[in-house]
Amino acid sequence: MTQQKEMSFLSHLEELRWHLVRSAVAIFLLGIVFFAFAEEVYNNFLLAHIQPDFITYKLFCDFFTFFGFESDFCNISFADKKLQSIKVTSQLMNSLWTSFILGIIVAFPYILWEFWRFISPGLHKNERRQSRGFISIASLLFFLGVVFSFYVIAPISINFLYNYQITDAIQNNFTLESHIGLVTNMILGVSALFELPVIIYFLAKIGLITPAFLKKYRKHALVFVLIIAAIITPPDVASQIIVSIPVLILYEISIKVAAIVIKRQQKNAK
């Protein structure tokens, strides 16, 4: 009996290994593609926010002007901002690392699919049926986070940070690593944050989170979101509101998701 359990455990480990290997291969292949087109990726994606004609700057300028507000987005200039590559290997290593990160982002649905293939055999038939659409919903939320961070949070933050200066005695000379790290970490962080409803779904399913708990701490969540928005955006109310609204909407959606899970569990228990 012990040997059977041990063999079963080892077989699960072997299966998990192959799911991880296939996910790694997908990331590696996509990384090669991104590395091959590194110049286009950097110019049109990773360095797009230091272009004064970036679409978000124009839209924000038109938006605030329409409502009669003065906005720095109408006078953006990165003409004197050049990224520095200090080490001999900086550009090569940065392009390799960035290709890997972008490979993870693009391969996210496939990674989820491999994860689902691993855990789905252990679920009951009704659980698999109820969780149908998990990959599509999680992927949609993830890429919504990518779009939101790329077109909203990143340009707001970069515009503020590039122009923030304590005193004229200090000159901003940013490195390639710091800029790319800011953009990629922001995209990954916000995209993970957009997975909140999915995370709440599984936490509610195992009984760690309830709708009552989420409602009770709604005000605390609001304060937390506003603090995060204040940290990652310039110190003006309009920008903080732009960042806070989607996260608060996701929190409200998470409450509904938790309520649906609890309702289904109570129905199945009868």
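Some points to look at:
- Recomputing volume of the Cα convex hull per residue in Å³ from the coordinates shown identifies the correct label among (i) 186; (ii) 144; (iii) 121 as (i).
- Sorting 96-107, 27-38 by their mean Cβ neighbour count within 10 Å, with the most densely packed peptide first, gives 96-107, 27-38.
- Label-to-label distance, nm, for residues given as Phe28 and Phe160 (7 Å Cα→Cβ offset): 4.1
- Using the Cβ-Cβ distance between Lys267 and Lys215 with R0 set to 22 Å, the FRET efficiency from 1/(1 + (r/R0)^6) comes to roughly 0.55.
- Taking 20 Å as the limit for the C-alpha separation, the pairs Lys125/Lys263; Lys125/Lys256; Lys219/Lys256 exceed it in the case of Lys125/Lys256.
- In sequence order, region 99-108 has phi-based couplings of 4, 5, 4, 5, x, 4, 4, 6, 7, 3 Hz under the Karplus curve 6.51 cos²θ - 1.76 cosθ + 1.60, θ = phi - 60°, and Gly or Pro positions carry x.
- Karplus-derived 3J(HN,Hα) values for region 13-20, using 6.51 cos²θ - 1.76 cosθ + 1.60 with θ = phi - 60°, are 5, 5, 5, 4, 4, 6, 5, 5 Hz; glycine and proline are entered as x.
- Long-range HN-HN contacts of Thr175 with modeled amide H, under 5 Å: Gln84
- Residues whose amide H lies under 5 Å from that of Leu47, counting only those 5 or more places away or on a different chain, are absent; hydrogens are built 1.01 Å from N in the peptide plane.
- Less than 5 angstrom separates the built amide H of Ile209 from those of Ala204, all sequence-distant by 5 or more or on a different chain.
- The distance between label points at Ser178 and Leu222 comes to 3.7 nm (points 7 Å beyond Cα on the Cα→Cβ vector).
- The chain: relative contact order as a whole-number percent, Cα under 8 Å and 6+ apart: 21
- The 3J(HN,Hα) values that the Karplus relation (6.51, -1.76, 1.60; θ = phi - 60°) gives for region 160-177 are, in residue order, 5, 5, 5, 9, 7, 8, 5, 8, 5, 6, 10, 9, 7, 10, 7, 8, 4, 4 Hz. Gly and Pro appear as x.
FYI, it's all coordinate maths here, none of it is from the lab. Bear in mind the structure is a predicted one, so any value in this text is a computation, not a measurement. For neighbour counting, all protein chains shown are included, and Cβ atoms are generated from backbone atoms with ideal geometry for every residue, glycine included.
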